[in-house]
1. Applying the Karplus parametrisation 6.51 cos²θ - 1.76 cosθ + 1.60 with θ = phi - 60° to the phi angles of region 194-205, what ³J(HN,Hα) value in whole Hz is obtained for each residue in order, glycine and proline being reported as x?
2. Probe of 1.4 angstrom, ligands and nucleic acids ignored: what's the accessible area per residue over region 187-286, in square angstrom?
3. Return the unpartnered cysteines for the chain, using a Cβ-Cβ cut-off of under 4.7 Å.
4. Decide, for region 146-279, between rounded, prolate and oblate: order the square roots of the alpha carbon gyration tensor eigenvalues as a ≥ b ≥ c, take rounded if a/c falls under 1.5, and otherwise choose prolate if a/b is larger than b/c, else oblate.
5. Could you state the principal axis extents of the C-alpha atoms in the chain, from the largest down, to the nearest angstrom?
6. State the extension gain, in nm to one decimal, for the chain segment bounded by Asp335 and Asp89, taking 0.36 nm per residue of separation less the distance between their alpha-carbons.
7. List the residues whose amide H sits under 5 Å from the amide H of Asp326, counting only those 5 or more places along or on another chain, with H placed 1.01 Å from N in the peptide plane.
8. Share of region 134-206's accessible area from carbon and sulfur, percent, 1.4 Å?
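The values are calculated or read from the model by the stated rules, or taken from the named source; none is laboratory data. Quick caveat: nothing in here was measured; it's all calculated off a predicted structure. Glycine gets a Cβ as well: all are built from the backbone with ideal geometry, and neighbour counts include every protein chain shown. All accessible areas refer to the heavy atoms of the entire protein, side chains included, with ligands and DNA or RNA removed. Shrake-Rupley method; radii C 1.70, N 1.55, O 1.52, S 1.80 Å.
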Amino acid sequence: MLPKVQWEACPGRSVGCERIVKNWPEAGPAAITNPAVRQSQGGYELALGLVFPELEQRLVVVDMNGAPTAGYRTIPGTSCNLIHPMLSDAGHWIGVQEIGLPQPSRYVFQPRDESPSSALVAPTTSLSQYQRGGDELLALQLDFGKGLEIFDRTTQLVRTTPAVVLGADVPRLVDDAAFFLAYLDYNKPEAWVWTRASGSYQELIDRNPGHVVDVQADGETLLWIETPPKPEPGPWPAGTLYTSPYATTAAAVDGTSRRAMPVVEPGASSALSEGYYAVWGSPTTYHVVRLSDARLWTVTIPMDEWQALLNDVSYVDATYVFYKTDTHVYRQRLDALGPGEAAN
């Protein structure tokens, strides 16, 4: 399915930066999707979506040594598309979509270290533009971002956002909860949550007349960025980073202001883990915040031969941030970023 995944130094003089070596036949420089990353003992498990010549798509899961452990492919010439790769401690999610069919999509959970006959097919065929999968939950951002569907493989139920939610961004999944931005009106995002305990979608953080432009959680910490209202016309204003002990109800949120943030637009890709938060900042920069002291680093991505721009901030922990440009998947060591900027 794929040669062993290897890493090489980034172009330029980016200290502590590596990118995946493209040692497979590719359909073009942009023929790679945003990766899924899971920390495992001694390294990182990855899932990569790739396009080979003749538009054959492959989704490959590789272990911490870079060796493929599972793979899926489409037949060249078909209109069937593989969905975004997703990893969890318990296994991985896969799926296919074909626009225009009465039942265009299939989503499947493959348990770790079990045969394909044990795979579980989710009871939804909705067309989705983004997907996230955890140990127990599959979250689908429906086509055109018009809402969410969450499938709980513990209860075998599919839950859809209520009609009051006009749009929603792809959520962060933590155990039996999903945290996301909901839009009840144009350009007015707020933090919402779905939990198995409640069985419903509920508002988590409302800062009217201000807004929440990103929300993340990791089981220990709840994190969000608040901004003033967006001027019309005009760009989004800069905001403030807040944290709270982990909470899944509005009543339990106990927020503390941590630092002023550069501009972060709603829906920007981000990640939170092991006391570090990383978020997309611009087409050429991303930000990393250490939660222990709210110190911030603004990192400029390396420029390759294609002058590729930042596409996704995929994963962060206390060692690395993984991200993708339009052409490559990168990882950056945090201890090579320099002194950073203290909280004000």
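1. Running phi through 6.51 cos²θ - 1.76 cosθ + 1.60 with θ = phi - 60° gives 10, 10, 5, 4, 8, x, 9, 8, 9, 5, 9, 9 Hz.
2. Values: 3930 Å² over 100 residues.
Value for region 187-286: 39 Å² per residue.
3. That list is Cys80.
4. Cα axes put region 146-279 in the oblate bin.
5. Its Cα atoms span 51, 49, 41 Å along the three principal axes.
6. Details: separation 246, 0.36 × 246 = 88.56 nm, distance 2.64 nm.
Extra length available between Asp335 and Asp89 comes to 85.9 nm.
7. Counting only residues 5 or more places away or on other chains, the set is Leu309, Asn311.
8. Details: 1480 of 3010 Å².
C and S fraction of accessible area: 49 percent.
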